[in-house]
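J.: Structure in structure tokens, see below.
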Amino acid sequence: MTREKRVVFLTARVHPGESPASFICQGVIDFLVSQHPIAQVLRDHVIFKIVPMLNPDGVSYLLNSLMGFDLNRHWQDPSPWAHPTLHAVKQLIVQMNQDPKVSLEFYIDVHAHSTMMNGFMYGNVFEEEERGQRQAVFPQLLCQNAPDFSLSSTSFNRDMVKAGTGRRFLGGLLDDTSYCYTLEVSFYSYMTAGSTSPVPYTEDGCILSFLLHLIK
């Protein structure tokens, strides 16, 4: 019997000016292709689909595409002409969701925040209390393992203004075994628990943190 394929889907820079999202994607990819034993286990058991630049033609803008659209408000009905990258990614996710041999476990949309510090998440609110409780577990695990992740800044909502975002749309499309989040990381800095001064995010700091993690 064919084993069900477990998939984690990451997208980044649907808002092209949020360049810190690229560092997150780079870190994820660097770790997944490393020889770290956890990375090896993940490669053996999970398929990772990563779209590091969902809005390439809008790279000179902060939020919009070259045609002036905020792609993260058009997940419900993307146009193949006006939003071609979004349309293609949505089609792929829908196809995987309809494939009985595929289990789409996570969708994470990576962004950068211009006013808040640390990393944090937005999640969805569901009528079923048990499903909502399960959605809260992953941010809690991140907080336990990433000193720059803020659980206090993490929130769950279903604001109508966010209905066209990837997190909200896919949270309604996928079944209750899937987890959909927006991951935000600060443009600037983070504060660890108990500290009184912020630590700036730098590329050298990210590389050092990655190397230290590899030798643990």
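The values are calculated or read from the model by the stated rules, or taken from the named source; none is laboratory data. Computed from a prediction, not measured in an experiment: that's the story for all the values here. Counting neighbours? That spans all protein chains shown, and the Cβs are built from the backbone with ideal geometry, glycine included.
J.: Among all residue pairs at least 6 apart or on different chains, which show Cβ distances below 9 Å where the first residue, located in segment 20-40, is within 26 Å of Ser189 (Cα to Cα) and the second is assigned to a helix (DSSP H, G or I) and basic (Lys, Arg)?
T.: Close Cβ pairs satisfying both conditions: Leu32/Arg43.
J.: State yes or no: is Val161 outside any loop (DSSP other than H, G, I, E, B), among the hydrophobic types (A, V, I, L, M, F, W, C) and at pLDDT below 95? Talk me through it step by step, then tell me what you get.
T.: Working: outside any loop (DSSP other than H, G, I, E, B): yes; among the hydrophobic types (A, V, I, L, M, F, W, C): yes; at pLDDT below 95: yes.
Here the answer is yes, as Val161 does meet what is asked.
Here's the yes/no breakdown for (1) closer than 22 Å to Val7 by Cα; (2) hydrophobic (A, V, I, L, M, F, W, C); (3) in contact with a strand residue (DSSP E or B) (Cβ under 7 Å, 6 or more places away or on another chain):
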| position | (1), (2), (3) |
| --- | --- |
| Pro80 | no, no, no |
| Thr85 | yes, no, no |
| Met121 | yes, yes, yes |
| Asn124 | yes, no, yes |
| Arg131 | yes, no, no |
| Arg167 | yes, no, yes |
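J.: Show the residue pairs meeting these rules: Cβ distance below 6 Å; 6+ apart or different chains; first residue within segment 177-196 and assigned to a strand (DSSP E or B); second residue small (Gly, Ala, Ser).
T.: So the pair list comes out as Cys180/Gly171; Tyr181/Gly123; Val185/Ala112; Val185/Gly119.
J.: In addition: Among (1) surrounded by fewer than 14 Cβ atoms within 10 Å (Cβ to Cβ); (2) over 24 Å from Asn157 (Cβ atoms); (3) in contact (Cβ under 8 Å) with a residue 60 or more places away in the chain; (4) not acidic (Asp, Glu), there is one condition Val59 misses while meeting the rest; what is its number?
T.: Every condition holds for Val59 apart from (3).
J.: List every residue pair whose Cβ atoms lie under 9 Å apart, where the two residues are 6 or more positions apart in sequence or sit on different chains, the first residue falls within segment 63-76 and is over 16 Å from Met53 (Cβ atoms) and touching a residue at least 60 places away in the same chain (Cβ under 8 Å), and the second residue, located anywhere, is polar (S, T, N, Q) and in a loop (DSSP other than H, G, I, E, B).
T.: Listed by first residue and then by second, the contacts come to Arg73/Thr165; Trp75/Thr165.
J.: Being aliphatic (A, V, I, L, M) and within 19 Å of Arg167 (Cα to Cα) is the filter here; which residues of segment 101-140 pass it?
T.: Leu104, Ile108, Val110, Ala112, Met121, Val125, Ala136, Val137 - these are the residues of segment 101-140 that are aliphatic (A, V, I, L, M) and within 19 Å of Arg167 (Cα to Cα).
J.: Scan (1) within 15 Å of Leu173 (Cα to Cα); (2) modelled with pLDDT of 95 or more; (3) in a helix (DSSP H, G or I) for the single condition Gln140 breaks and write down its number.
T.: Among (1) within 15 Å of Leu173 (Cα to Cα); (2) modelled with pLDDT of 95 or more; (3) in a helix (DSSP H, G or I), the lone unmet condition for Gln140 is (1).
J.: Give the residue, chosen from Val59, Val28, Val7, that is over 30 Å from Thr202 (Cα atoms) and among the aliphatic types (A, V, I, L, M).
T.: Checking each option against the conditions leaves just Val7.
J.: Let me ask you something else. Just to check your reading of the model, which residue among Asp109, Asp148 is more than 15 Å from the chain's Cα centre (by Cα) and either within 17 Å of Asp176 (Cα to Cα) or of a type outside the set (Ser, Thr, Tyr) (or both)?
T.: The match here is Asp148.
J.: Then there is this: From the list Ser155, Ser195, which one is exposed (fewer than 14 other Cβ atoms within 10 Å of the Cβ) and closer than 19 Å to Phe106 by Cα?
T.: The unique qualifying residue is Ser155.
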